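Colleague: Pasting a structure below so you can have a look.
The values are calculated or read from the model by the stated rules, or taken from the named source; none is laboratory data. Fair warning: this is a prediction, and the values are worked out from it, not measured in the lab. Methodologically, a virtual Cβ is constructed for each residue, glycine included, from the backbone with ideal geometry; neighbour enumeration extends over all protein chains shown.
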Amino acid sequence: MARLISQYVCQSCGSVTPKWMGKCPDCGEWNTLLEEVVESGTKKKTDSAHLHRQPATASGGPQPLKSIRSVEGDRVQTHFAEFNRVMGGGIMSGSLNLIGGDPGIGKSTLMMQMTGSLPGGTGPVLYVSAEESVFQIKNRAERLGVDPDNLFLLAETNLSQILDQCRKLNPALLIIDSIQTVYLPDLASAPGSVSQVRECAAAILTMAKSAGITTFLTGHVTKDGNLAGPRVLEHLVDTVLQFEGDRNHQFRILRALKNRYGSTNEIGVFDMGPRGLTEIPNPASWFISEFSRGIPGSVIGVTMEGTRPLLVEIQSLVTPCNYGFAQRNANGLDSRRLTMLIAVLEKRLGIPLGTQDIFLNVASGFRLEDPGVDLAVCAAILSSFREWPVARQVCLIGEVGLGGEIRPVANLDQRLQEARKLGFRHLLTSPGHSQTEGVVTIHSINDLYQSLDGFLEPLI
């Protein structure tokens with residue numbers, strides 16, 4: 001008779017240790033080791049796990065590259081153009097996809113609306129919920145106006161039962177909500193543990209690839225915003241999607257962190273309302289729709305998300321420090337990047353910001369990683385410090401170097417074209433682009449000395 005033993009598994013990297021430790025010896029994360037009870041003779045479990053990892057098709061040995069026939073995968077075009085953009089032009093048939101996001105951000109809503117946006121003749125769709133009853137799913141579908149004839153619902157947590165139902169129904173599309181709440185009864189660990197998530201994902205992968213079933217898995221995220229579970233989960237799937245946004249704002253952004261069938265630079269923008277998600281085909285105008293001109297510290301910049309230029313409002317508030325250390329708080333921008341730009345303004349322009357609290361915010365809950373908004377950030381800080389608003393119809397594009405110089409950015413022509421389309425007449429950017437086209441003037445500037453003072457208007 002097998003003897004039960006305890007082992008401790010890191011929920012971050014999957015490392016196994018015989019005793020509990022506060023810090024994982026492999027990945028260095030704290031308080032991630034959880035106890036799992038297993039049988040001392042684990043041959044049966046190992047054989048089961050090995051079975052899940054069998055390839056979908058046998059290769060029959062090495063083959064010359066030239067002898068392998070190229071096969072173009074079929075893509076399913078949904079009625080969500082933004083979703084198709086992120087997926088690389090549609091959903092690849094037979095792919096395994098993972099979508100993660102914060103609780104309540106709208107993952108289940110997106111999956112439900114996707115089932116209603118599939119073209120006719122797609123085939124049966126199986127929606128498996130391990131967190132809600134079929135009545136709750138039905139109520140959501142009615143609220144969203146989704147009622148396709150080919151949609152089947154299943155409330156089940158046992159993955160073996162789920163796979164059996166898939167073999168009987170043979171759906172064209174399978175949705176499992178979520179991967180952290182299903183389990184394999186052969187494993188003694190609890191649902192959501194590293195071993196359960198790993199083996200469940202491997203079993204789903206084998207079924208999806210062998211039967212050609214397009215599969216979507218929803219996943220939980222940690223407090224740091226990373227997908228919960230072992231990293232191998234992201235390696236197994238074909239596409240990793242991140243659904244993000246501030247629950248206090250209406251905008252939701254879908255981006256691809258991994259995509260074997262398309263680019264990872266595209267994003268899809270949605271508006272969350274009472275009737276669910278509505279795609280925003282031109283998000284640039286939405287992000288600046290509430291822009292308040294004439295207020296010090298409010299500036300418009302242009303960022304790139306994949307091939308799409310977006311105009312965003314950057315707000316800054318500079319106020320005297322009343323305590324010992326000045327605060328540097330950024331919402332939507334890397335705080336280290338903000339600290340560097342403040343240092344450049346102090347050193348190159350001689351502005352005494354060391355005694356000032358500086359707060360920076362990117363409006364509409366957007367998060368920026370593009371250095372092309374550096375010039376707009378510096379203009380917002382200087383505008384708030386001097387209480388001089390930026391002149392009307394001014395848009396700033398450029399990266400700021402440590403010497404205060406303005407550096408060129410990628411996709412500059414697309415950024416300028418988008419700013420012109422939305423009515424901005426004065427575009428400030430890097431050297432070598434000065435020109436006038438009708439009422440639009442592109443100003444080439446060399447450094448911060450030249451760029452900002454001429455476009456700040458003192459309040460009278």
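Colleague: Looking only at residues in the range 236-263 that are surrounded by 15 or more Cβ atoms within 10 Å (Cβ to Cβ) and hydroxyl-bearing (Ser, Thr, Tyr), which one is modelled with the lowest pLDDT?
Modeller: Step by step, filter the range 236-263, then rank; the result is TYR261.
Colleague: Take the residues in the range 1-25 that are assigned to a loop (DSSP other than H, G, I, E, B) and among the aliphatic types (A, V, I, L, M); name whichever of them is modelled with the highest pLDDT.
Modeller: So in the range 1-25, the residues assigned to a loop (DSSP other than H, G, I, E, B) come out as 1-3, 11-15, 18-22, 24-25.
Okay, now just the ones that are also among the aliphatic types (A, V, I, L, M), so 1-2, 21.
Details: MET1: 54, ALA2: 62, MET21: 89.
Selected residue: MET21.
Colleague: Suppose we filter GLY28, GLY61 for residues that are at pLDDT 70 or above, loosely packed, with under 13 Cβ neighbours inside 10 Å, under 29 Å from the mean Cα position of the chain (by Cα) and assigned to a loop (DSSP other than H, G, I, E, B); which single one remains?
Modeller: GLY28
Colleague: Among the residues of the range 275-294, which ones are modelled with pLDDT of 85 or more and out of contact with any strand residue (DSSP E or B) (no Cβ under 6 Å at 6 or more places or on another chain)?
Modeller: ARG275, GLY276
Colleague: Please go through the range 405-419 and give me each residue that is at pLDDT below 90 and either of a type in the set (Asp, Glu) or more than 28 Å from the chain's Cα centre (by Cα) (or both), ordered by number.
Modeller: ASP413, GLU418
Colleague: If you don't mind, there's one more thing I want to ask. Just to be sure I understand, how many residues within the range 83-106 are part of a helix (DSSP H, G or I) and surrounded by fewer than 22 Cβ atoms within 10 Å (Cβ to Cβ)?
Modeller: Selection size over the range 83-106: 1.
Colleague: Could you check, for the range 181-203, whether at least one of its residues is closer than 27 Å to PRO119 by Cβ and not assigned by TED's automatic domain parsing to the domain that holds TYR8?
Modeller: no
Colleague: Answer yes or no as to whether ILE406 is closer than 18 Å to MET340 by Cβ, in the same structural domain as GLU305 (by TED's automatic domain parsing) and part of a helix (DSSP H, G or I).
Modeller: no
Colleague: Which of the residues spanning the range 265-284 are within 28 Å of LYS421 (Cα to Cα), touching a residue at least 12 places away in the same chain (Cβ under 8 Å) and surrounded by fewer than 22 Cβ atoms within 10 Å (Cβ to Cβ)?
Modeller: The answer is ASN265, GLU266, ILE267, ASP271, MET272, GLY273, GLU279, ILE280, PRO281, ALA284.
Colleague: Would you mind finding the one in GLN180, GLN196, GLN161 that is under 17 Å from GLU36 (Cβ atoms) and free of Cβ contacts under 8 Å to residues at least 24 places away in the same chain? Don't jump to the end; show me each part of the working.
Modeller: On the way: GLN180 fails: free of Cβ contacts under 8 Å to residues at least 24 places away in the same chain; GLN161 fails: under 17 Å from GLU36 (Cβ atoms).
From the options GLN180, GLN196, GLN161, the qualifying one is GLN196.
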